[in-house]
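Contents: one structure, followed by commentary.
A short reminder: the numbers here are calculations on the coordinates, not readings from a lab. Please read all numbers here as calculations on a predicted model, not as lab measurements. Glycine gets a Cβ as well: all are built from the backbone with ideal geometry, and neighbour counts include every protein chain shown.
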Amino acid sequence: MAHLRMMKKTYLRHIFLRFTVLLMALPMFVACVKDQEVESSPKCAILSFSVSNITSSVTTKKYDSNGNATDTVVRRVVSGSDIHFNIDQVNGRIYTVDSLPKWIDLTRVVPVFSSYGNVFGKVVENDETYYGIASGSDSINFSKTVELLCVSTDGLSSKTYKVDMYRHTSDMDTLEWKSVTSDLKISGLNKAFSIEGKVFAFAKNAVGENVVTCTDNDPAAWSAPVVIPVDCGSIVVFRGAFYGLGADGYIYKSAPAQLATEWEKVSDISVERLLAADDYYIYLYDGMAIIGSADLSTWTEQGSADLDMLPETAINSCNYVSRTNSNMQTVVMTGTTSKNTENGVSWYKVSSTDSNTNQKWSYIRVTADNPYGLPLLGNLSVTRYEGALYAIGVEEEGYQTLYRSDDNGITWHVQAEKYLIPADLDAANGAASIVAVGEEMWIIQESGQIWRGSIR
């Protein structure tokens, strides 16, 4: 009998909750009926979800010419179009695909959504009441998990969603560097990769030929440079192999096991620029659009907007598994172009084999609302280390600072306190690249000087 009473109590509570939600929804339904006829439907689901631009007031340190620091408050804006959500209909979850900056203010965020039915939410802390939410106008505190309830227009069905906006929660400690003198013999900017227990550097030799050299993770000892038939600045890694652009405009491939010295032609289409790669696609520019392929045979358009802002030189790309979905990847492409003389350029996409979640490449604009774009750096080099992107390059007075992005290349910030570049990294000694090698970052300079950095 006690069991039956408990079942009856639970059932009555469920009926009461549904009845309460229906009473709250009724005025909205009546208002709609006054204007137009509304067809009753049993469907209830949130079909799309995004947010409007988020403005945050951030306290940072400003240094004067004597090195004295004072706190200053700056206004930072993250574009809603750069924040991507995944909707898990099976488990009733909505969440950001990648982490947002630690400093972002999530207490007043305006959601934009489409749905079957009407959407309500528990938007007041410690209040179990559901309130109606208007897409594009009502702000919600997303600093904690938010519960949304979608109710069908016939009032008989409902579906609950848990919404999370993830952000970085901690800062790292000091970045320390150790200098190593090596026998590296290259000229100009190198493009470096860590793969299969080796570090490869693609660069030029003293007479301007494209070469490759590698080391067994010993920064002091490098193999003799070998001339290769591809442009050293075009190299990308796709599914564990190197791909590069030959002088004939075709793509060539080489395996790390061959020390990147043997190359075979793998594509029959002419390429203007080899851009990036992730675990699913390799991307190139054919003069008309960004196209991608999983097999270098069938190509599909992966972006056609803002093509004048595609990187032309110092092209770097980083790809990594999404924090919340192992079947999706984030890809960031950076570089410089003669069309933008104020900043470097950053591009971004979410990659997936599922056409519903695979996105086109997007150019990250530098605007008054987002002035923290990638700086214009000579000999730009970018890597991903410990969950963030790091960039180095030559400014007016040489190598001055390390830049870091915690939001997939959307904003870049000077690391003036904990994340300093090596004090003796001098641009007079040549171009330098940065690459993540296990639990370290290496800076590899054409002079043969190498620095190993790690977080302590």
Between N356 and L259, how many nm apart are label points set 7 Å from Cα along the C-beta direction? 4.9 nm
Counting Lys +1, Arg +1, Asp -1, Glu -1, what net charge surrounds M328 among other residues with beta carbon under 14 Å of its beta carbon? -3
For R93, the residues 5 or more places away or on another chain with a placed amide H closer than 5 Å to its own amide H are D88, K162
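Filter the cross-link list K204/K360; K122/K349; K122/K159; K198/K360; K204/K349 down to pairs whose alpha-carbon distance in this structure exceeds 25 Å. List each step's numbers first, then the result.
Values: K204/K360 33 Å; K122/K349 32 Å; K122/K159 14 Å; K198/K360 33 Å; K204/K349 31 Å.
Beyond 25 Å: K204/K360; K122/K349; K198/K360; K204/K349.
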Okay, helix-only estimate at 222 nm for the chain: each DSSP H run of n ≥ 4 adds -39500 (n - 2.57), divide by all residues, round to 500 deg cm²/dmol; what do you get? -2500 deg cm²/dmol
Classify the range 271-341: rounded, prolate or oblate, from the alpha-carbon gyration tensor (a ≥ b ≥ c, eigenvalue square roots; a/c under 1.5 rounded; otherwise prolate if a/b is larger than b/c)? oblate
Which of rounded, prolate, oblate describes the range 358-456, given a ≥ b ≥ c as roots of the alpha-carbon gyration tensor eigenvalues and a/c under 1.5 marking rounded, otherwise prolate only if a/b is larger than b/c? prolate
Pick the calculated Rg/Rh (Cα atoms, Kirkwood Rh) for this structure from (i) 1.17; (ii) 1.06; (iii) 1.02? (ii)
Between R452 and K185, what's the calculated FRET efficiency when r is the beta-carbon distance and R0 is 22 Å? Round to 0.05. 0.65
The long-range amide H neighbours of V211, using H built 1.01 Å from N in the peptide plane and a cut-off of under 5 Å, are A203, K204, N205, I228
Roughly what would the spin-label model give for S137 and T107, points 7 Å off Cα along C-beta, in nm? 2.5 nm
Those GluC sites (Glu not before Pro) from the range 205-276 that are DSSP loop and have at most 16 other Cβ neighbours within 10 Å turn out to be E209, E262, E272
Counting sequence-distant residues (5 or more places) and residues on other chains, those with an amide H built under 5 Å from that of Y385 are Y390
In whole Hz and in residue order, list the ³J(HN,Hα) couplings for the range 108-121 that follow from phi through the Karplus curve 6.51 cos²θ - 1.76 cosθ + 1.60, θ = phi - 60°; x for Gly and Pro. 9, 10, 9, x, 10, 8, 10, 7, 7, x, 10, 10, 10, x
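Is the range 96-145 best put as rounded, prolate or oblate by its Cα gyration tensor, with a ≥ b ≥ c the root eigenvalues, rounded for a/c under 1.5, and otherwise prolate when a/b is larger than b/c, oblate when not?
oblate
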Label point 7 Å out from S338 along Cα-to-Cβ: which residues of the range 260-284 have amide N under 16 Å? 273
May I ask for the distance between the Cα centers of the range 102-141 and the range 176-229, given as a whole number of Å? 52 Å
Rough spin-label spacing in nm, given labels placed 7 Å along Cα→Cβ, for A305 and N91: 3.0 nm
